[in-house]
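Undergrad: Before we start, here is the structure in question, set down as structure tokens.
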Amino acid sequence: MSATVTNSNIYQERYQRAKEVMAEKGIDYLFIGPGADLQYLIGTPGMDNERMMLMVIAQKGEPAMIVPALEKLATSKYAGFFELLDWTDAEGPQGRLHQLVGSASGPVKAAVGNQLWSMFLLELQKVLPDAEWSRASEVLKALRIIKSAEEGQLLKDAAAIADKAFTDIVKLQFSGRTERELMGDINGLLLKYGQEKMLFCIVGSGPNGAQPHHHTGDRVIEPGDVVVLDFGGAYKGYCSDMTRTVLVEGGTPDPDFEKVYNLVNQARAAGHKQARPGVSCESVDAAARQVITEGRYGQYFVHRTGHGIGMEVHEEPYIVGGNSLTLEPGMAFSIEPGIYLPGRFGVRIEDIAIVTEDGEENINLSTHDYVRVK
Ligand code: ZN
Ligand code: ZN
């Protein structure tokens, strides 16, 4: 468990805001299990396993958390104004659930965390058989989608670690080594520069780069390969996510590499140029996509342009066609266009943008020109 935003008043404010949104939407209960929502509300993600750990925010009731007895001490450091109701392995959590919500009568509206295990939802449904269920994101999206200045700074700190690591990554030996060996080195560099936890690392070399989420494997990197590097981790609870595409010296690079790289880089720049308050998420996707479509590679840009980022690597807002949500200052998201040519190679470039009062700040500072590696 690791601390995140340090200002303790912030959790009181978030709790009040959550209750306000619950009132607006007529939601009686909000049930949150371990994970990013919990971390947002009390500063720790909790312990995610088969023992029920459940935050209960009731519209008419005091803030409480059901915790396994063995987690009580660790949780009490974060729980603040939440009352901790513990249960032992021999007792099980059902008694605590009844204590908190068993007296609810008639139909109630309950919202559950998107990542709450279904086995816990089934227990809740036994205690509240007449409830109407919805997703907690209905309540928490409105809060988590706008980053405070302190949260924005933590995202910048996480991005700066990725940038620092990249200056060393391009000095690594690529040719003759496996993708997995490179992944080990990249993970090590991110941890060295202060990342607290690695979340993912994609090394997609040669034809493997044509799969956007390639599972880094045993392929030996060759001279002339195009290599997609996409990595991220968490720093004080906030995530980094950056992609660069490099070219291995020597060999015979694909003749279309330069053209494709430049197109992706122009699409990236067009996305950033469009991102500002008052425009829609889908317009940022369209701005980036238009460059690639006009370059006649539209069919090879097979995913959305970006995703929100914060305590989770993928969260709201999604930068995708069909999302008419309007950008506001404090929203943070990736802009990561790519072109993927099956059997040949892929190119993706990804930075994180934070919307400001009059535009956006690109918080990844590594070069956007492709780097030649050994
Ligand atoms: Zn990424
Ligand atoms: Zn991403």
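Undergrad: Answer with yes or no whether residue 324 is hydroxyl-bearing (Ser, Thr, Tyr), within 22 Å of the chain's Cα centre (by Cα) and either within 16 Å of ligand 2 (Cβ to nearest atom) or assigned to a helix (DSSP H, G or I) (or both). I'd like the intermediate steps shown before the answer.
TA: Numbers: hydroxyl-bearing (Ser, Thr, Tyr): yes; within 22 Å of the chain's Cα centre (by Cα): yes; either within 16 Å of ligand 2 (Cβ to nearest atom) or assigned to a helix (DSSP H, G or I) (or both): no.
Judged against the criteria, residue 324 is not a match.
Undergrad: If you check residue 373 against the conditions, is it of a type outside the set (Asp, Glu), open to solvent by less than 10 Å² (accessible area, probe 1.4 Å) and more than 16 Å from ligand 1 (Cβ to nearest atom)?
TA: yes
Undergrad: For the range 291-324: of the residues being open to solvent by 50 Å² or more (accessible area, probe 1.4 Å) and of a type in the set (Phe, Trp, Tyr), which is nearest to residue 138 (Cα to Cα)?
TA: Looking at the filtered set, the residue picked out is 318.
Undergrad: Right, something else. What residue, of 65, 52, is buried (at least 21 other Cβ atoms within 10 Å of the Cβ), under 21 Å from residue 112 (Cβ atoms) and touching a residue at least 24 places away in the same chain (Cβ under 8 Å)?
TA: On the way: 65 fails: touching a residue at least 24 places away in the same chain (Cβ under 8 Å).
Answer to the selection: 52.
Undergrad: Identify the single condition in (1) open to solvent by 50 Å² or more (accessible area, probe 1.4 Å); (2) not in a helix (DSSP H, G or I) that residue 266 does not satisfy, given that it satisfies every other one.
TA: That leaves (2) as the condition not met.
Undergrad: Could you identify the single residue in 353, 275, 288 that is open to solvent by less than 10 Å² (accessible area, probe 1.4 Å) and more than 20 Å from the chain's Cα centre (by Cα)?
TA: Values: 353 fails: more than 20 Å from the chain's Cα centre (by Cα); 275 fails: more than 20 Å from the chain's Cα centre (by Cα).
Selected residue: 288, the only one of 353, 275, 288 that is open to solvent by less than 10 Å² (accessible area, probe 1.4 Å) and more than 20 Å from the chain's Cα centre (by Cα).
To keep it simple, each residue is scored yes or no on (1) modelled with pLDDT of 95 or more; (2) away from ligand 1 (no atom under 16 Å from the Cβ).
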residue	(1), (2)
162	yes, no
167	yes, yes
170	yes, yes
173	yes, yes
208	yes, no
216	no, no
245	yes, no
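Undergrad: Taking the range 35-70, which residues are farther than 18 Å from residue 121 by Cβ, within 26 Å of the chain's Cα centre (by Cα) and of a type outside the set (A, V, I, L, M)?
TA: Of everything in the range 35-70, those that are farther than 18 Å from residue 121 by Cβ, within 26 Å of the chain's Cα centre (by Cα) and of a type outside the set (A, V, I, L, M) turn out to be 39, 40, 43, 44, 45.
Undergrad: Can you pull out every residue in the range 278-320 that is more than 16 Å from ligand 1 (Cβ to nearest atom), among the small types (Gly, Ala, Ser) and touching a Lys or Arg at 6+ places or on another chain (Cβ under 9 Å)?
TA: 287, 295, 298
Undergrad: On to the next question. Within the range 22-49, work out how many residues are out of contact with any Asp or Glu (no Cβ under 8 Å at 6 or more places or on another chain) and either open to solvent by 20 Å² or more (accessible area, probe 1.4 Å) or not aromatic (Phe, Trp, Tyr) (or both).
TA: 17
Undergrad: Among (1) part of a helix (DSSP H, G or I); (2) under 19 Å from the mean Cα position of the chain (by Cα), which single condition is residue 293 missing?
TA: (2)
Undergrad: Oh, and also: Spot the failing condition for residue 252; the list is (1) β-branched (Val, Ile, Thr); (2) surrounded by fewer than 22 Cβ atoms within 10 Å (Cβ to Cβ); (3) within 20 Å of residue 147 (Cα to Cα), and only one is missed.
TA: Result: residue 252 passes all but (3).
Undergrad: Kindly list the number of the only condition in (1) touching a residue at least 60 places away in the same chain (Cβ under 8 Å); (2) more than 16 Å from ligand 1 (Cβ to nearest atom) that fails for residue 253.
TA: (1)
Undergrad: Can you give me the number of residues within the range 116-134 that are touching a strand residue (DSSP E or B) at 6+ places or on another chain (Cβ under 9 Å), under 23 Å from residue 23 (Cβ atoms) and either open to solvent by less than 20 Å² (accessible area, probe 1.4 Å) or in a loop (DSSP other than H, G, I, E, B) (or both)?
TA: Looking only at that region, the number is 4.
Undergrad: Moving to a separate point now. Going by what's in this entry, would residue 298 be described as at positive phi and more than 16 Å from ligand 2 (Cβ to nearest atom)?
TA: So residue 298 fails the test.
The values are calculated or read from the model by the stated rules, or taken from the named source; none is laboratory data. Small disclaimer: the values here were computed from a predicted structure and weren't measured. Methodologically, a virtual Cβ is constructed for each residue, glycine included, from the backbone with ideal geometry; neighbour enumeration extends over all protein chains shown. Areas reflect the complete protein model, heavy atoms only, side chains present, ligands, DNA and RNA absent. Shrake-Rupley method; radii C 1.70, N 1.55, O 1.52, S 1.80 Å.
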